[in-house]
1. Among 134, 95, what's the order by accessible area (1.4 angstrom probe), most exposed first?
2. About the Cα centre of the chain, how large is the charge dipole given +1 on each Lys and Arg Cβ and -1 on each Asp and Glu Cβ? Please answer in debye to the nearest 20.
3. Could I get the Rg over Rh figure for region 42-193? Both from C-alpha atoms, Rh via Kirkwood, rounded to two places.
4. Given 0.36 nm per residue, what is the gain on full extension from residue 16 to residue 48 after removing their alpha carbon distance, in nm?
5. Report the FRET efficiency, 1/(1 + (r/R0)^6), for residue 77 and residue 26, where r is their Cβ-Cβ distance and R0 is 45 Å, rounded to 0.05.
6. Please list 106, 114 from largest to smallest accessible area, probe radius 1.4 Å, with all protein chains kept in place.
7. Can you give the accessible area per residue of the chain, in Å², using a 1.4 Å probe?
8. Determine the share of the chain's accessible area contributed by carbon and sulfur atoms, expressed in whole percent, with a 1.4 angstrom probe.
Amino acid sequence: MATGRLAGRSTVGTGAIEEITPGSGLTLSAGSLTTSVAPGLTTIASGSLSGATVSIIDIPETYSHLILEITNASPSASSQYMTVQVSTNNGVSYDNTASNYPAMYFLQSGADGFFDGNASMLGTGTITAAETLDASIAMWGYQTGPSMTFDGWTMGGAIGPELHKGIYLGSTDNIDAIRLAWSGGATFDGAGT
């Protein structure tokens, strides 16, 4: 048997022991199997929030989950809430069907509830043009259906903290783009990331 191999069977069924070569990112040395892949987060997009919408496209299917972090987002008009919608055709269109984003929300004030009327992974807490919003959304099962689950929180202005737990019930194809926008058509003022 060659050095740097494992003993086992990769052929289906019973039979003799076979040499198994460690796959990509794995090394077997001195009896220890180690990974050369660095643990942690990989940034797939970043930048400032400006314009009417902000889209993140070309999201690969290779990650176990996605985390969307939004910092200091600010609308150009008052009484706005941020919408976060998904696409399965790399941003050609985004799912704006409200019932495809059902979620529960939990407020610090105890006024908890359910929302499915805003076609977004974030709740409907509004802020003014002078206020900023921070938000985070973690998405699991985005690669293929039948459903993606998401957890999120928002905080800013009079909101906060607001926690969300939901499921995306739209397409069963992989989600490969995300779009951020303000509910009333306001634009991002360019200060947030």
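The values are calculated or read from the model by the stated rules, or taken from the named source; none is laboratory data. Owing to the predicted nature of the structure, the values given are computational and were not obtained by experimental measurement. No Cβ is skipped: glycine too gets one built from the backbone with ideal geometry, and neighbour counts run over all protein chains shown. Surface areas here come from the heavy atoms of the whole protein model, side chains and all, with no ligands, DNA or RNA. Shrake-Rupley method; radii C 1.70, N 1.55, O 1.52, S 1.80 Å.
1. So, going from the largest accessible area down, we get 134, 95.
2. Working: 4 positive and 15 negative charges, 66 e Å.
Here the size comes out at about 320 debye.
3. Values: Rg = 14.3 Å, Rh = 15.3 Å.
Here Rg/Rh amounts to 0.94.
4. On the way: separation 32, 0.36 × 32 = 11.52 nm, distance 5.84 nm.
Between residue 16 and residue 48, full extension yields an extra 5.7 nm.
5. On the way: r = 53 Å, r/R0 = 1.18.
FRET efficiency, residue 77 to residue 26: 0.25.
6. Details: 106 80, 114 125 Å².
Per-residue accessible area, sorted high to low, gives 114, 106.
7. On the way: 10160 Å² over 193 residues.
On a per-residue basis, the chain sits at 53 Å².
8. Details: 5460 of 10160 Å².
So the carbon and sulfur contribution to the accessible surface is 54 percent.
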